[in-house]
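A.B. asks: Have a look at the structure that comes next, please.
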Amino acid sequence: MFCLWQPLTKLFLGHEGIGVIEQVGPGVTDFHVGDRVIISCVTACLNCDFCKKQMYSHCRHGGWILGYTIDGTHAEYARIPYADGSLYNFPADGDEEAMVMVSDILPTGFECGVLNGQVKPGDRVAIVGAGPVGIAVLLTAQFYSPAAIFMIDLDDNRLAVARKLGATALINSKDGHAAHKVMELTEGAGADVAIEAVGLPATFDICQAIVGAGGRIANVGVHGKPVELHMEKLWDRNISLTTRLVDTVTIPMLLKVVESGKLQPSKLVTHRFAMSDIMKAYDTFGNAAKEDALKVVLTNGPRS
Ligand SMILES: NC(=O)c1ccc[n+]([C@@H]2O[C@H](COP(=O)([O-])OP(=O)(O)OC[C@H]3O[C@@H](n4cnc5c(N)ncnc54)[C@H](O)[C@@H]3O)[C@@H](O)[C@H]2O)c1
Ligand SMILES: [Zn+2]
């Protein structure tokens, strides 16, 4: 199960997954050989100043390192440093594919999008980007009963998935009029929460154009290029803008909701491959729009 980030050197990619413990290091106290576990996409030592503030993403000894600065999870074996802070016990009756979604996309959508955006009952929420992360925002925003959820993307297939998972209006932004449509749907008031889940200047611009007075822009996307901040339009809007690298501090809570069956993230899995077919899996992921792919699962060995 993966999303692609640009590694700094030649490394095994991957920062999501579940597995069975084969060996434990001398400092590990909470996990034992044979335990089934969920791997957090973020490694936490639990002892540094950032970990003590629950900002695991900025852990002095870990953070987002899997598949980025150390070998990741797209391999037969993966070494997870600081296991006590970076692994979670696999629930007895847990669904394997659902649990992989708990590694990254669910906490990312929830923490960076929904919690930072302070989604409240009755809010009108606009989510720009209907990829796995945008869909995770869509699923977890519904914990708070927003009145409307507008989903914006270029891909009609992804928008159709969003409709099935709770979006109340779909907007294909290919024509460049997405912001106008959101303003129409809100009778000119704009969105209470605009969540950026793509990582491009164009999609950040949509968020700036649609945020209503008193609203929030919650950025989730990873940006590689500068964006223009339109202070000439936003200065009097009483808005707030947040950014965040996922901390995965909500994994224990999300696990309970998934276990209860109230959240079914396995619906995001569209393709499955054996580890021996990993190149086919990368091709599918690389052509996600053409292949109608959302999450792609890689399995090493038999599935239980
Ligand atoms: N902040 C964090 O901690 C964190 C963690 C994980 C992922 N991310 C980031 O979240 C973002 C989304 O991740 P994903 O896995 O869903 O990515 P994805 O590439 O699968 O999905 C992005 C979606 O954006 C759509 N899109 C592209 N250009 C658009 C445009 N101009 N208008 C509307 N839609 C457009 C695409 O069609 C696609 O459906 C990425 O930038 C990813 O790196 C951030
Ligand atoms: Zn730490």
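The values are calculated or read from the model by the stated rules, or taken from the named source; none is laboratory data. Because the structure is predicted, anything quoted here is derived from the model rather than measured. Neighbour counts run over all protein chains shown; Cβ positions are idealised from the backbone, glycine included.
A.B. asks: On the basis of being hydroxyl-bearing (Ser, Thr, Tyr), closer than 28 Å to Val193 by Cα and away from ligand 2 (no atom under 16 Å from the Cβ), does Ser103 make the cut? If you could, list the steps in order and put the result at the bottom.
C.D. replies: On the way: hydroxyl-bearing (Ser, Thr, Tyr): yes; closer than 28 Å to Val193 by Cα: yes; away from ligand 2 (no atom under 16 Å from the Cβ): yes.
The answer is yes for Ser103.
A.B. asks: A follow-up question, please. Scan region 41-62 for residues that are within 16 Å of ligand 1 (Cβ to nearest atom), in contact (Cβ under 8 Å) with a residue 40 or more places away in the chain and closer than 30 Å to Met275 by Cα and jot them down.
C.D. replies: Cys41, Val42, Thr43, Ala44, Tyr56, Ser57
A.B. asks: If a residue has to be away from ligand 2 (no atom under 16 Å from the Cβ) and closer than 24 Å to His32 by Cβ to count, how many in region 57-97 make the cut?
C.D. replies: Number satisfying all stated conditions: 17.
A.B. asks: State the number of residues belonging to region 191-231 that are acidic (Asp, Glu) and in contact with a strand residue (DSSP E or B) (Cβ under 7 Å, 6 or more places away or on another chain). First the steps, then the outcome.
C.D. replies: Step one: of region 191-231, the residues acidic (Asp, Glu) are 192, 196, 205, 228.
When the remaining residues are screened for being in contact with a strand residue (DSSP E or B) (Cβ under 7 Å, 6 or more places away or on another chain), the result is 192, 196.
Here the count works out to 2.
A.B. asks: Looking at the structure I just gave you, is Gly85 farther than 23 Å from Ile210 by Cβ, modelled with pLDDT of 95 or more and either assigned by TED's automatic domain parsing to the domain that holds Asp292 or not aromatic (Phe, Trp, Tyr) (or both)?
C.D. replies: The answer is yes for Gly85.
A.B. asks: Just checking, how many residues over region 96-146 are more than 13 Å from the chain's Cα centre (by Cα) and within 30 Å of Gly301 (Cα to Cα)?
C.D. replies: Summing the residues that are more than 13 Å from the chain's Cα centre (by Cα) and within 30 Å of Gly301 (Cα to Cα) in region 96-146 gives 4.
A.B. asks: Just the residues that are within 26 Å of Ala98 (Cα to Cα), more than 7 Å from ligand 2 (Cβ to nearest atom) and out of contact with any Leu (no Cβ under 9 Å at 6 or more places or on another chain), please, taken from region 39-56.
C.D. replies: Gln54
A.B. asks: Among the candidates Glu187, Glu196, single out the residue that is over 22 Å from Leu229 (Cα atoms) and either in contact with a helix residue (DSSP H, G or I) (Cβ under 9 Å, 6 or more places away or on another chain) or among the acidic types (Asp, Glu) (or both).
C.D. replies: Residue meeting the stated conditions: Glu187.
A.B. asks: Taking region 60-71, which residues are within 19 Å of Gly19 (Cα to Cα), in contact with a Pro (Cβ under 8 Å, 6 or more places away or on another chain) and not β-branched (Val, Ile, Thr)?
C.D. replies: Gly67 - this is the single residue of region 60-71 that is within 19 Å of Gly19 (Cα to Cα), in contact with a Pro (Cβ under 8 Å, 6 or more places away or on another chain) and not β-branched (Val, Ile, Thr).
A.B. asks: Yes or no: His271 more than 26 Å from Met55 (Cα to Cα), out of contact with any Cys (no Cβ under 6 Å at 6 or more places or on another chain) and outside the structural domain of Gly166 (by TED's automatic domain parsing)?
C.D. replies: So His271 passes the test.
A.B. asks: Tell me whether region 162-182 contains one or more residues that are surrounded by fewer than 23 Cβ atoms within 10 Å (Cβ to Cβ) and of a type in the set (Ser, Thr, Tyr).
C.D. replies: yes
A.B. asks: Looking at Ala218, Ala167, Ala189, which one is assigned to a loop (DSSP other than H, G, I, E, B) and over 26 Å from Lys290 (Cα atoms)?
C.D. replies: Ala189
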